[in-house]
Amino acid sequence: MTIRTITRLAAGTALVALSVGVAHAQEESVEVLHWWTAGGEAAAVGVLKENLEGEGITWSDMPVAGGSGQAAMTALRARVTSGDPPTAVQMLGYDIKDWAELGVVANLNELAEEEGWDEVIPAAIQEFSKYDDQWIAAPVNVHSTNWLWINKAAFDEYGGEEPQDMDELYTMLDAFEEQGIIPLAHGGQPWQDGTLWEAVVLSVGGMDFYKQAIIDLDEEALSGDTMREVFDHMTKLSGYFDENFTGRDFNLTTAMVIEGEAGAQEMGDWAKAEFLNADQVPGEDFVCMRFPGTQGDVLFNSDQFVMFEVGEDKRDAQLKMASAVMDPAFQVAFNTVKGSVPARTDIEDTEFDDCGKKGMQELAEAAENGTLAGSLAHGHAQPSAVKEAVFDVVTQHLNGQISTDEALEQLPQAIASAQ
Ligand code: GAL
């Protein structure tokens, strides 16, 4: 090798090294942990990812499947314990408080102040976005859990009105049975059992009772006659499930309604994303209505991106992501796909479909009327330990492993020992 070749090679290597260095300096990325893996959810993630990529931020995906995020939270614990938290994490209510308490989350106050988050995020959500008066999370949406999704063709064939209470619901489900379809599609996973159960609690007992039992954890409410009725309804509802319900994911369950194999499903409004993702139109292909007996009441949960304490090199991208999540146009683009409504209150409903418009209006009214409460099944009523204690009892009862008497005895006990 001549001296000239060696010099040329060395110069070349230096050039490559230099350009790699430049690329590193310019490349900003965020690693995002989330559990949005169902079709409709993934479509919504796509909106966020594209938005950030438009700003030159690379999206490093860390999806952990499992509705309502239990598995995601386990994965998060492992990452934080090893001292390598993701940049941003999708999270719900009380879990946010728990992580904030550990002092591992970033402070977003400066950005929040600059962009006026205090003025546009409702108090019920700020309760979870802030810790010690510091903004620590950017809320991307508000979901609600007390919805019923009905196949429109089956509903038309039934020919009745939208059911307004449990009795009318049974009349409709009986009609679906006569049509030869599965009356009620249900996915037997603890969080889905809990989602159905909290809707029945609200339907049977009303909002005051929900607050007494679920928010105040009043022992009499948890074990008395109204709760007995709730568990009896759960038993009766399970008679309308198909025999393969155990362990089924929520989106596969929604698919049964989409395909007309089943008549209806009780589920949060992320189910709407599945209908939309299958090109179905509200009012034409499916009906969205409040779970019978819960009209005017809203059980909410809000997906927030909690920003973790990361190195200075990642801080800029992190703040850009928080800002992008809070952008009004983004909240429209994202939530029209996700099935949720914006977390911001200063957004018009024009771009939203009929279910979304209804969701936005009812959320505002419920906040005004005091008929808004956090969803237990989705982390906005109690810390995880209590939520899981309730799931245990509800799931065992729904699967026929314990009687209603036993459920009523165990529910307050399980809650007490989880506290
Ligand atoms: C909820 C979450 C929603 C939706 C759902 C099912 O807890 O808030 O965004 O993804 O779980 O996975």
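The values are calculated or read from the model by the stated rules, or taken from the named source; none is laboratory data. All values derive from a computational prediction rather than experimental measurement. With ideal geometry, Cβ positions are generated from the backbone for all residues, glycine too; neighbour counts draw on all protein chains shown. These area figures cover heavy atoms from the full protein model, side chains too; ligands, DNA and RNA do not enter into them. Shrake-Rupley method; radii C 1.70, N 1.55, O 1.52, S 1.80 Å.
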In Å², what does the accessible area per residue of region 89-164 work out to with a 1.4 Å probe? 41 Å²
In the chain the DSSP beta bridges are antiparallel at a rate, in percent to nearest 5, of 60 percent
Size of the dipole of region 92-250 about the Cα centre, Lys and Arg at +1 and Asp and Glu at -1 on the beta carbon, nothing else charged, in debye to 20? 400 debye
Using the eigenvalues of the Cα gyration tensor, what equivalent ellipsoid semi-axes result for region 19-123 when each is taken as the square root of five times the eigenvalue, whole Å, largest first? 23, 20, 17
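Kindly provide the helix-only [θ] at 222 nm of the chain, computed as the sum of -39,500 (n - 2.57) over DSSP H runs of four or more divided by all residues, to the nearest 500 deg cm²/dmol?
-17000 deg cm²/dmol
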What does the accessible area per residue of region 252-355 come to in Å², with a 1.4 Å probe and no ligands, DNA or RNA counted? 32 Å²
For a quick check: with amide H placed at 1.01 Å from N, whose amide H comes under 5 Å from residue 141's, ignoring anything fewer than 5 positions away on the same chain? 303, 343
Between residue 105 and residues 5 or more places away or on another chain, the pairs with built amide H atoms under 5 Å apart involve 309
Candidate lysines for bridging to residue 130, where Cα separation is under 20 Å - those fewer than 8 sequence places away on the same chain excluded: 97, 320
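When the accessible area of region 263-419 is split by element with a 1.4 Å probe, what percent falls to carbon and sulfur?
After summing per-atom areas, the C and S share lands at 44 percent.
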A correct Karplus calculation of ³J(HN,Hα) over region 142-148, with 6.51 cos²θ - 1.76 cosθ + 1.60, θ = phi - 60°, whole Hz and x for Gly and Pro, returns 10, 9, 9, 9, 8, 10, 10
Please list, in chain and number order, the residues 5+ apart from residue 218 or on another chain whose amide H is under 5 Å from its amide H, with Hs placed from the backbone. 213
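Given region 251-355, report the % of alpha carbon pairs whose separation exceeds 19 Å.
The share of Cα pairs beyond 19 Å in region 251-355 comes to 55 percent.
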How many angstrom lie between the C-alpha centres of region 253-331 and region 366-389? 17 Å
For region 76-131, the percent of accessible surface on carbon and sulfur atoms (probe 1.4 angstrom, ligands and nucleic acids excluded) is 46 percent
Report ³J(HN,Hα) in whole Hz for each residue of region 112-128, in order, from the Karplus equation J = 6.51 cos²θ - 1.76 cosθ + 1.60 where θ = phi - 60°; Gly and Pro get x. 4, 5, 4, 9, x, 4, 3, 7, 10, 9, x, 4, 4, 8, 4, 3, 9
By average Cβ neighbour count within 10 Å, what is the ranking of 396-406, 341-351, 189-199 from highest down? 189-199, 341-351, 396-406
Report the one residue of 262, 201, 222 whose Cα lies farthest in the direction of the positive end of the charge dipole of region 176-267 (charges on C-beta: Lys and Arg +1, Asp and Glu -1; origin at the Cα centre). 262
Quick calc, the chain, dipole around Cα centre from Cβ unit charges on Lys, Arg (+) and Asp, Glu (-), nearest 20 debye, gives 1940 debye
Convert each backbone phi in region 230-241 into a coupling constant with the Karplus relation 6.51 cos²θ - 1.76 cosθ + 1.60 (shift: θ = phi - 60°), then list the ³J(HN,Hα) values in order as whole Hz, x for Gly and Pro. 4, 5, 4, 5, 4, 4, 5, 4, 5, x, 9, 7
Please report the equivalent ellipsoid semi-axes of the chain, computed as sqrt(5 x eigenvalue) of the Cα gyration tensor, largest first, in whole Å. 42, 24, 21
Residue 61-residue 215 FRET efficiency (beta carbon distance; Förster radius 45 Å; 0.05 resolution): 0.80
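Roughly how many debye, to the nearest 20, is the charge dipole of region 39-97 about its Cα centre, given +1 on each Lys and Arg Cβ, -1 on each Asp and Glu Cβ, and no other charges?
Using only the charged Cβ atoms, the result is roughly 300 debye.
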Carbon and sulfur %, accessible surface of region 152-260 computed with the full protein complex present, 1.4 Å: 41 percent
